[in-house]
Amino acid sequence: MWYQTKATEILGIDYPIMQGPFGGNLSSVKLVAAVSNAGGLGGYGAYTNSPQEIVEIDKQIRAATNKPYNLNLWVSDVDAGAGEIVTETAYQRAVRTFKPYFDELELPVPAKPIPFQSRFENQVQAVLDIRPKVFSYMFGMLTEDVLEQCRKRGIITVGAATTLDEAIALEATGTDMIIASGFEAGGHRPSFLRSAEASLTGTFVLVQLIREKVKIPVIAAGGIATGAGISAALTLGAAAVQIGTAFLACEESNILPIHRQMLFSDKAKYTALTKVFTGRLGRGLTSRIAEETKGKEADFLPFPLQSQWMSSLRKSALDKAQWDMIQFWGGQIAPILKHRKAETLMHALIAETTALYHHQ
Ligand SMILES: Cc1cc2nc3c(=O)[nH]c(=O)nc-3n(C[C@H](O)[C@H](O)[C@H](O)COP(=O)(O)O)c2cc1C
């Protein structure tokens, strides 16, 4: 059967369908439970959460499902320079580029953002203590020590690659599986060897390259939202798929109602990769700010200071319904989304894939 793969065997799930974890408080316990209870693997993105919050979220997930699920963190959660006070030159460059937008919303230009210290080490300790069935991570590789502790605790580790080199490097660490993250995907590009801009490979090329050169199972992520997408990915050698945008649009996710409305609107036809809202390259529906700041990347602050610094602008733009100043995250597949409930989406994905395999 199409749904029995190396990945379903290792993960202990019925169908090789992972719900992409969403960072920045966009995941929800309800969504994780709905997907895991339907036989897939629900995922919670916790990179902005404190260790205590992660423990609390985990309790809630366990109360909502007794099936396997995935907790997700960012190995690198701070760019060079973001741990120190921003230089006056960098600050003035940001002010020069963004003052017009703050002015437009009648907001004061915010002061220099506070330096940010990485939270990963404390977060990963919380994950190890919790022992989820699956721990997926992006923006880097795990240390030998963390991987050894995961193995001892029976936690399956899944790293994200945007290039063949990253997949080979991840495999060499001894991780269990690899997400092949193509540039079609919604959200941040999790590149960690070269810049994200120099690592833009499409999902179906990336899956084939990794499948050829790496022995551990590969999971296709980016641009998949239907049974046709799943069967294509499996045909190319993927052992599972990870679906983000289609689950993000479901009513169980934690996005704002306007964000959901945008994903189902004509606006979803136009997505772009930009660093302007966070400091790291990510895909969302195109916005006026992203369009107008093309080529001005040198004026942006490093991740995550850029998002911290822009937060008053985002809040005010939401309050004033200035949608063209907001980043609504989403991937290139958004225009064909149909389903509004995670369970319905899961059932449709399974039925569509099954029908395609029966016709062969
Ligand atoms: C809003 C948003 C936030 C995301 N946050 C994370 C994250 O924190 N960690 C992660 O591993 N992947 C994250 N992703 C990637 C998804 O888990 C998934 O791999 C991707 O969305 C698949 O591509 P698709 O959107 O074309 O389905 C995010 C995606 C979106 C759309």
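Every read-out reported here was derived from the displayed coordinates using simple, explicitly stated rules and does not represent laboratory data. Just so it is clear, the model here is predicted, and its values are computed rather than measured. Positions of Cβ are backbone-derived with ideal geometry, glycine not excepted, and every protein chain shown enters the neighbour counts.
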Item to check | the chain, dipole about Cα centre (Lys/Arg Cβ +1, Asp/Glu Cβ -1), debye to the nearest 20 | outcome: 440 debye
Item to check | Degrees separating the helix 51-64 axis from the principal Cα axis of the chain, which is the longest one | outcome: 40 degrees
Next on the checklist: Less than 14 Å Cβ to Cβ from Cys150, Lys/Arg counted +1 and Asp/Glu -1: what total charge do the surrounding residues give?
Outcome noted: 0
Item to check | For the chain, calculated [θ]222 nm from helices alone, where every DSSP H run of n ≥ 4 adds -39500 (n - 2.57) | outcome: -11500 deg cm²/dmol
Checklist outcome for this item: Kirkwood Rh over alpha-carbon pairs of the chain plugged into Stokes-Einstein at 10 °C, 1.306 mPa s gives a D in µm²/s of 77 µm²/s
Item to check | Antiparallel DSSP beta bridges within the chain, as percent of all bridges there, nearest 5 | outcome: 20 percent
Checklist outcome for this item: Listed by chain and number, the residues whose amide H is under 5 Å from that of Ile13, excluding neighbours fewer than 5 places away on the same chain and using placed H, are none
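Kindly flag which residue pairs out of Lys213/Lys338; Lys30/Lys315; Lys59/Lys275 have an alpha-carbon separation exceeding 28 Å in this structure. Mind dumping the intermediate values first?
Numbers: Lys213/Lys338 36 Å; Lys30/Lys315 25 Å; Lys59/Lys275 34 Å.
Long pairs (Cα-Cα over 28 Å): Lys213/Lys338; Lys59/Lys275.
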Checklist entry - Among Thr235, Thr89, Thr344, which one moves the most in a GNM of the chain with springs linking Cα atoms closer than 10 Å? => result Thr89
Checklist outcome for this item: Summed over the other residues with a beta carbon less than 11 angstrom from that of Asp129, with K and R at +1 and D and E at -1, the charge totals +1
Checklist entry - Cα centroid distance between region 252-300 and region 314-332, in Å? => result 8 Å
Next on the checklist: For a quick check: with amide H placed at 1.01 Å from N, whose amide H comes under 5 Å from Asn70's, ignoring anything fewer than 5 positions away on the same chain?
Outcome noted: Gly42, Gly43, Tyr44
Item to check | Relative contact order, percent, the chain [alpha-carbon distance under 8 Å, six or more residues apart] | outcome: 18 percent
Item to check | Given 13 as the ceiling on other Cβ atoms within 10 Å, longest exposed-site-free region of the chain for GluC sites (Glu not before Pro) in DSSP loops | outcome: 107-360
Checklist entry - Rg (Å, one decimal) plus Dmax (Å, integer) for the alpha carbons of region 210-290? => result 15.4, 43
